[in-house]
1. Kindly provide the set of residues from segment 33-44 that are open to solvent by less than 100 Å² (accessible area, probe 1.4 Å) and either within 19 Å of residue 11 (Cα to Cα) or part of a strand (DSSP E or B) (or both), ordered by number.
2. Yes or no: segment 9-19 includes at least one residue that is at pLDDT below 95 and at positive phi.
Amino acid sequence: MTATVGADPGVVGPYLATVLDDDRWREVDVDLIAAGMSNLTYVVTPGAAGPRTR
């Protein structure tokens, strides 16, 4: 078994979908922003559903 380092999309996506009451967030892409100093900072975008429209 491989351990996930950082934000796991399989956990983050369902959590956001529930909290935001929006299934477009169920599958997400999580990208680390490498310039953070002491904190891990991520960009989280909807995956297969595409970007959210305003």
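The values are calculated or read from the model by the stated rules, or taken from the named source; none is laboratory data. All values derive from a computational prediction rather than experimental measurement. Just the protein is used for accessible areas: all its heavy atoms, side chains included, with ligands, DNA and RNA removed. Shrake-Rupley method; radii C 1.70, N 1.55, O 1.52, S 1.80 Å.
1. Those that are open to solvent by less than 100 Å² (accessible area, probe 1.4 Å) and either within 19 Å of residue 11 (Cα to Cα) or part of a strand (DSSP E or B) (or both): 33, 41, 42, 43, 44.
2. No, there is no match, as no residue in segment 9-19 is at pLDDT below 95 and at positive phi.
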